[in-house]
Amino acid sequence: MEATIVCIDNSEWTRSGDYAPTRFQAQADAVNLLAGAKTQANPENTVGVLTMAGKTPRVLVTPTPDLGKVLNCMTDINIEGQSNIATSVQIAQLALKHRQSKNQRQRI
């Protein structure tokens, strides 16, 4: 059993078109693939989403087994500012610390 937080880079750098169509869209596809794989591997696995750029990193979805919530939150992400990796990892750790099942292993 795992509780996973996926950190999304929504900084201005993700507008680059070196990945088709953009880096941000490539990340969205990867989140879809990863969240689907995690939730199908074990029904008790949970996946959450955190954005790393903007004024502060934000947890959009706390770890949940509901794949629909994870996929829906990807449409609400705005590209803005610069990524703050250190603060993002700390916030992800806090979100995982407060997971529902303490038997789940923490993954960022």
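Below are the figures for this structure:
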| item | result |
| --- | --- |
| DSSP bridge orientation in the chain - percent antiparallel, rounded to nearest 5 | 30 percent |
| Nearby lysines by direct alpha-carbon distance to Lys55 (threshold 29 angstrom, same-chain neighbours under 8 apart not counted) | Lys69, Lys97 |
| Degrees separating the helix 23-41 axis from the principal Cα axis of the chain, which is the longest one | 10 degrees |
| Cα-based helix-to-principal-axis angle, 85-97 vs the chain, degrees rounded to 10 | 20 degrees |
| Efficiency of FRET between Ile85 and Ala41 - r from beta-carbon atoms, R0 25 angstrom, step 0.05 | 0.40 |
| Distant-in-sequence amide H partners of Val6 (H built 1.01 Å from N, under 5 Å) | Gly48, Val49, Leu50 |
| Over the chain - Rg/Rh using Cα atoms and the Kirkwood inverse-distance radius | 0.97 |
| Structure-based [θ]222 nm, the chain - -39500 (n - 2.57) summed over DSSP H runs of at least 4, per residue, nearest 500 | -11500 deg cm²/dmol |
| Unit charges at the beta carbon, dipole of segment 19-108: most positive-side option, Thr39, Gln90, Pro63 | Gln90 |
| Longest site-free stretch - the chain; sites: trypsin sites (Lys or Arg not before Pro), DSSP loop, at most 11 other Cβ within 10 Å | 1-54 |
| Candidate aspartates and glutamates for bridging to Lys38, where Cα separation is under 15 Å - those fewer than 8 sequence places away on the same chain excluded | Glu2, Asp29, Asp66 |
| Cα-projected label distance for Lys69 with Asn32, points at 7 Å along beta-carbon direction, nm | 2.1 nm |
| Mean separation of Cα contacts under 8 Å, 6 or more apart, over the residue count of the chain: relative contact order % | 37 percent |
| Carbon plus sulfur fraction of accessible area for the chain, probe 1.4 Å, in percent | 51 percent |
| Per residue accessible area in Å² of the chain, where ligands, DNA and RNA are left out and the probe is 1.4 Å | 60 Å² |
| Low-density loop cleavage sites - GluC sites (Glu not before Pro) in segment 1-49, where at most 14 other Cβ are within 10 Å (DSSP) | Glu44 |
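The values are calculated or read from the model by the stated rules, or taken from the named source; none is laboratory data. Everything numeric here is computed off the predicted structure, so don't read it as measured data. Every residue, glycine as well, gets a Cβ built from its backbone with ideal geometry; the counts of neighbours run over all protein chains shown. Surface accessibility is based on the protein's heavy atoms, side chains included, excluding ligands, DNA and RNA. Shrake-Rupley method; radii C 1.70, N 1.55, O 1.52, S 1.80 Å.
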